[in-house]
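Shown below is the structure under consideration.
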2 protein chains.
Amino acid sequence: MECVPNVSEGRRRETVEELASLLRAVPGISLLDTSSDADHNRTVFTYVGEPEAVLQATEAFCRRAFDLVDMTLHTGGHPRLGAVDVVPFVPLRGMEMTEAVDCAHRLGQIVAEMGVPVYFYEEAALSPERRNLAEVRRGEYEGLRERLTESSGRPDAGPATFNPRSGACIIGARRPLIAFNVNLGTTDLDIAQRIARAVRHSSGGFRAVKAMGVELKELNVVQVSMNLTDYTQTPIHRVVEAIRSEAARYGVPVVGSELVGLAPLEALDEVVRYYLQLHDFSSAKIIESHLL
Amino acid sequence: MECVPNVSEGRRRETVEELASLLRAVPGISLLDTSSDADHNRTVFTYVGEPEAVLQATEAFCRRAFDLVDMTLHTGGHPRLGAVDVVPFVPLRGMEMTEAVDCAHRLGQIVAEMGVPVYFYEEAALSPERRNLAEVRRGEYEGLRERLTESSGRPDAGPATFNPRSGACIIGARRPLIAFNVNLGTTDLDIAQRIARAVRHSSGGFRAVKAMGVELKELNVVQVSMNLTDYTQTPIHRVVEAIRSEAARYGVPVVGSELVGLAPLEALDEVVRYYLQLHDFSSAKIIESHLL
């Protein structure tokens with residue numbers, strides 16, 4: 001099982017390091033990646049292990065993160081509802097989605113007991129309108145106090161009262177997702193937003209793309225920040241090429257891209273096939289895939 | 001240890017399958033890939049295992065291949081000196097090159113006892129002029145009878161007499177090599193040869209590229225057939241882009257490419273960095289690299 005919690009802290013190194021150390025100390029867990037972004041003010045942790053070990057690690061992780069991160073002080077470019085904003089469980093090779101859903105629901109009860117409202121999303125959602133993460137996060141932390149008073153905002157677990165320090169926690173189960181951002185050589189946020197709308201599913205773009213435009217003030221660029229929710233349907237290269245093509249109409253170059261967290265080897269298959277015209281390439285052509 | 005013998009048979013399925021079955025039956029060996037090419041009339045087998053197991057498997061493999069492949073009947077587009085044309089040993093993660101050289105020299109003595117002249121190349125070469133495979137193979141099978149009579153053609157092991165059925169066997173040790181071919185949408189062999197000269201080291205091209213132009217009559221195209229001998233110095237994408245650029249001057253398109261055998265995951269690092277502008281990508285971003 002893989003778990004990829006997103007925490008609303010990407011600036012204070014010592015907080016991120018303390019949470020990473022906690023994960024490294026849990027037996028049976030391998031912390032694979034920690035990606036912080038100061039503009040987003042957000043850190044994504046990626047770790048794997050047997051389901052029970054992952055669940056235990058995540059409980060300890062959430063408890064400490066709620067201590068360390070204070071949402072009343074949080075600012076950042078990425079939408080968020082709480083200190084431990086999103087916790088997805090991802091079944092790896094040979095595991096069933098139902099096991100990930102089970103982990104999500106069990107963690108939800110534990111977080112609820114910590115006094116934090118919990119929403120379940122995607123495969124762990126208890127109702128269809130909670131499947132989509134963007135919908136669950138609508139109104140963000142700033143709108144949460146009011147939202148909790150509405151029947152449509154009632155949490156799936158935990159108190160329906162506003163917890164100013166921790167906000168709410170969105171817990172779910174999903175297929176492997178690729179968090180992929182493309183940076184544009186301009187400070188014009190409007191261009192990033194137009195391109196985000198062009199490539200994302202919700203406004204007519206690719207089936208498996210969620211996207212938004214974000215300012216990266218530190219780098220003096222804007223970014224198309226994306227989740228690629230199914231790289232078998234919508235491969236990375238097709239999205240990158242569409243962004244290059246749309247950016248060109250504004251005379252804006254793509255200056256770089258970034259992968260937040262990790263990606264499965266298989267996600268590179270189509271990238272290599274397309275750019276190298278290596279029509280019959282697959283992960284099976286990579287030595288390491290045979291040594292697993 | 002990896003071993004990647006190249007056998008001068010790429011047309012008769014049953015011969016290739018018999019040799020593959022032999023390898024599959026050796027305990028401690030994993031046959032990772034078998035790539036046959038009918039135009040080259042050549043098959044590349046890729047397998048890994050502990051050094052002793054690899055050496056034993058390769059002995060049995062050579063013995064059977066010498067039985068099955070008759071060089072007096074061989075035609076094909078790829079240069080070759082014998083039935084078991086080239087046998088490279090490749091040290092994998094954490095192994096020393098000296099271990100691969102040791103395997104090469106031990107196999108050489110065994111093949112010599114089978115009555116086949118042996119040349120050692122690259123890291124296993126006994127003299128500088130034998131390091132380069134193309135030099136060792138100069139004159140090919142057809143010139144071997146005469147070459148064996150010259151002092152410069154004296155084998156490193158085995159008889160200095162011509163073995164018409166098996167030719168000679170070139171055994172060595174080397175770093176991981178990528179056998180990569182690019183197909184051009186033309187039947188004009190001259191264009192493939194010009195492009196091969198443009199990209200290969202020996203005529204002014206990239207440091208770690210060996211290349212030649214080959215006709216693929218079955219597909220009605222020509223091919224730039226290459227060995228990329230060090231993908232850290234000369235990455236795949238740079239060679240592909242240079243070939244596209246040179247082909248364009250003749251109005252010829254690249255119609256596809258192929259990877260013969262396997263490549264290490266690390267060889268994709270620069271490909272992904274370049275085409276996706278994913279400047280800080282590395283294999284460490286791939287989940288599977290952490291599960292090895």
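The values are calculated or read from the model by the stated rules, or taken from the named source; none is laboratory data. This is a predicted model, so every value here is computed, not measured. Counting neighbours? That spans all protein chains shown, and the Cβs are built from the backbone with ideal geometry, glycine included. Please note that ligands, DNA and RNA were not included when accessible areas were found on the heavy atoms of the full protein model with its side chains. Shrake-Rupley method; radii C 1.70, N 1.55, O 1.52, S 1.80 Å.
Read through the list (1) surrounded by 20 or more Cβ atoms within 10 Å (Cβ to Cβ); (2) over 13 Å from A:Val86 (Cα atoms), then give the number of the only condition that A:Gly115 fails.
(1)
Just one of (1) among the acidic types (Asp, Glu); (2) farther than 23 Å from B:Arg137 by Cβ; (3) within 14 Å of another protein chain (Cβ to nearest Cβ) trips up B:Glu2, so point out which.
The one condition B:Glu2 does not meet is (2).
Ok, one more. Do we find a residue being of a type in the set (Val, Ile, Thr), away from chain B (no Cβ under 12 Å) and surrounded by fewer than 21 Cβ atoms within 10 Å (Cβ to Cβ) anywhere in the stretch A:193-216? First the steps, then the outcome.
Here is the first cut: in the stretch A:193-216, the ones of a type in the set (Val, Ile, Thr) are A:195, A:199, A:209, A:214.
Okay, now just the ones that are also away from chain B (no Cβ under 12 Å), so A:195, A:199, A:209, A:214.
Remaining after also requiring surrounded by fewer than 21 Cβ atoms within 10 Å (Cβ to Cβ): none.
Scanning the stretch A:193-216 turns up no residue that is of a type in the set (Val, Ile, Thr), away from chain B (no Cβ under 12 Å) and surrounded by fewer than 21 Cβ atoms within 10 Å (Cβ to Cβ).
Okay, next question. Going by what's in this entry, would B:Thr43 be described as within 13 Å of the chain's Cα centre (by Cα) and either at positive phi or modelled with pLDDT of 95 or more (or both)? Before you say what the answer is, go through the steps one by one.
Working: within 13 Å of the chain's Cα centre (by Cα): yes; either at positive phi or modelled with pLDDT of 95 or more (or both): yes.
Yes.
Let me ask another. Sort out which residues of the stretch A:119-150 are over 17 Å from the mean Cα position of the chain (by Cα) and open to solvent by less than 40 Å² (accessible area, probe 1.4 Å), and write them in order of number. Before the answer, list the steps.
Taking the stretch A:119-150 and keeping what is over 17 Å from the mean Cα position of the chain (by Cα), we get A:126-129, A:139, A:142-150.
Hits for the stretch A:119-150 are A:Ser127, A:Gly143, A:Leu144, A:Arg147, A:Leu148.
Residues in the stretch B:29-51 that are in contact with a helix residue (DSSP H, G or I) (Cβ under 9 Å, 6 or more places away or on another chain) and closer than 13 Å to B:Cys3 by Cα: how many?
Just the residues of the stretch B:29-51 that are in contact with a helix residue (DSSP H, G or I) (Cβ under 9 Å, 6 or more places away or on another chain), to begin with: B:29-34, B:36, B:43, B:45-49, B:51.
Checking which are closer than 13 Å to B:Cys3 by Cα leaves us with B:29-34, B:45-49, B:51.
So the count comes out to 12.
B:Asp85 fails exactly one of the following numbered conditions: (1) open to solvent by less than 20 Å² (accessible area, probe 1.4 Å); (2) in a loop (DSSP other than H, G, I, E, B); (3) of a type in the set (Asp, Glu). What is the number of that condition?
Looking at each condition in turn, B:Asp85 falls short on (2).
Pairs under 9 Å by beta carbon, first residue closer than 13 Å to B:Gly49 by Cα in the stretch B:23-37, partner surrounded by fewer than 19 Cβ atoms within 10 Å (Cβ to Cβ) and among the basic types (Lys, Arg), six or more apart or different chains?
B:Ser30/B:Arg24; B:Leu31/B:Arg24
If a residue has to be touching a residue at least 60 places away in the same chain (Cβ under 8 Å) and either within 20 Å of B:Val111 (Cβ to Cβ) or among the aliphatic types (A, V, I, L, M) (or both) to count, how many in the stretch B:164-192 make the cut?
17
Going by the structure shown, is B:Leu278 farther than 19 Å from A:His279 by Cβ and crowded, with 17+ Cβ neighbours inside 10 Å? Working first, answer last.
Numbers: farther than 19 Å from A:His279 by Cβ: yes; crowded, with 17+ Cβ neighbours inside 10 Å: yes.
Criteria met by B:Leu278.
Only one of A:Leu92, A:Leu73, A:Leu31, A:Leu107 is over 30 Å from A:Asn220 (Cβ atoms), among the hydrophobic types (A, V, I, L, M, F, W, C), surrounded by fewer than 22 Cβ atoms within 10 Å (Cβ to Cβ) and out of contact with any Pro (no Cβ under 9 Å at 6 or more places or on another chain). Can you tell me which?
Numbers: A:Leu92 fails: out of contact with any Pro (no Cβ under 9 Å at 6 or more places or on another chain); A:Leu73 fails: over 30 Å from A:Asn220 (Cβ atoms); A:Leu107 fails: surrounded by fewer than 22 Cβ atoms within 10 Å (Cβ to Cβ).
Step by step, each of A:Leu92, A:Leu73, A:Leu31, A:Leu107 is checked, and only A:Leu31 is over 30 Å from A:Asn220 (Cβ atoms), among the hydrophobic types (A, V, I, L, M, F, W, C), surrounded by fewer than 22 Cβ atoms within 10 Å (Cβ to Cβ) and out of contact with any Pro (no Cβ under 9 Å at 6 or more places or on another chain).
If you scan the stretch B:34-59, which residues turn out to be open to solvent by less than 30 Å² (accessible area, probe 1.4 Å), within 14 Å of another protein chain (Cβ to nearest Cβ) and hydroxyl-bearing (Ser, Thr, Tyr)?
If the condition is that a residue be open to solvent by less than 30 Å² (accessible area, probe 1.4 Å), within 14 Å of another protein chain (Cβ to nearest Cβ) and hydroxyl-bearing (Ser, Thr, Tyr), then B:Ser35, B:Thr46, B:Tyr47 are the ones that fit.
While we're on this one: A:Asp70: within 26 Å of A:Val224 (Cβ to Cβ) and touching a residue at least 60 places away in the same chain (Cβ under 8 Å), yes or no? Before you say what the answer is, go through the steps one by one.
Working: within 26 Å of A:Val224 (Cβ to Cβ): no; touching a residue at least 60 places away in the same chain (Cβ under 8 Å): yes.
In short, no.
Can you tell me which residues in the stretch B:259-275 are facing chain A (nearest Cβ under 7 Å) and either open to solvent by 20 Å² or more (accessible area, probe 1.4 Å) or under 26 Å from the mean Cα position of the chain (by Cα) (or both)? If you could, list the steps in order and put the result at the bottom.
As a first pass, look at the stretch B:259-275 and keep what is facing chain A (nearest Cβ under 7 Å): B:259, B:262-265, B:268, B:271-272, B:275.
Correct list: B:Leu259, B:Leu262, B:Ala263, B:Pro264, B:Leu265, B:Leu268, B:Val271, B:Val272.
Next question. Answer yes if at least one residue in the stretch B:173-192 is crowded, with 16+ Cβ neighbours inside 10 Å, closer than 12 Å to B:Ile243 by Cβ, among the β-branched types (Val, Ile, Thr) and over 21 Å from the mean Cα position of the chain (by Cα), and no otherwise.
The answer is yes, given that some residue of the stretch B:173-192 is crowded, with 16+ Cβ neighbours inside 10 Å, closer than 12 Å to B:Ile243 by Cβ, among the β-branched types (Val, Ile, Thr) and over 21 Å from the mean Cα position of the chain (by Cα).
Looking at (1) over 17 Å from B:Tyr141 (Cα atoms); (2) open to solvent by less than 10 Å² (accessible area, probe 1.4 Å); (3) part of a helix (DSSP H, G or I), find the lone condition where B:Ala65 falls short.
Tallying (1) over 17 Å from B:Tyr141 (Cα atoms); (2) open to solvent by less than 10 Å² (accessible area, probe 1.4 Å); (3) part of a helix (DSSP H, G or I), B:Ala65 fails exactly one: (1).
Restricting to the stretch B:223-257, count the residues that are open to solvent by 50 Å² or more (accessible area, probe 1.4 Å) and within 8 Å of chain A (Cβ to nearest Cβ).
Going through the stretch B:223-257 one residue at a time, the tally reaches 1.
Sort through B:Arg145, B:Arg106 and tell me the only one that's in contact with a helix residue (DSSP H, G or I) (Cβ under 7 Å, 6 or more places away or on another chain) and in a helix (DSSP H, G or I). Even if it seems obvious, please write down each step before you answer.
Details: B:Arg145 fails: in contact with a helix residue (DSSP H, G or I) (Cβ under 7 Å, 6 or more places away or on another chain).
Testing whether each residue is in contact with a helix residue (DSSP H, G or I) (Cβ under 7 Å, 6 or more places away or on another chain) and in a helix (DSSP H, G or I) leaves just B:Arg106.
Among the residues of the stretch A:15-30, what is the count of those that are closer than 18 Å to A:Val69 by Cβ and either touching an Asp or Glu at 6+ places or on another chain (Cβ under 9 Å) or within 14 Å of chain B (Cβ to nearest Cβ) (or both)? Full working, then the answer.
Let us first name the residues in the stretch A:15-30 that are closer than 18 Å to A:Val69 by Cβ, namely A:15-23.
Imposing the further condition that a residue be either touching an Asp or Glu at 6+ places or on another chain (Cβ under 9 Å) or within 14 Å of chain B (Cβ to nearest Cβ) (or both) reduces the set to A:15-16, A:19, A:23.
Adding up the residues that qualify gives 4.
Among the polar types (S, T, N, Q), touching a helix residue (DSSP H, G or I) at 6+ places or on another chain (Cβ under 8 Å) and modelled with pLDDT of 95 or more: does that describe A:Ser166? Explain how you work it out, then say what you get.
Numbers: among the polar types (S, T, N, Q): yes; touching a helix residue (DSSP H, G or I) at 6+ places or on another chain (Cβ under 8 Å): yes; modelled with pLDDT of 95 or more: yes.
Against the criterion (among the polar types (S, T, N, Q), touching a helix residue (DSSP H, G or I) at 6+ places or on another chain (Cβ under 8 Å) and modelled with pLDDT of 95 or more), A:Ser166 qualifies.
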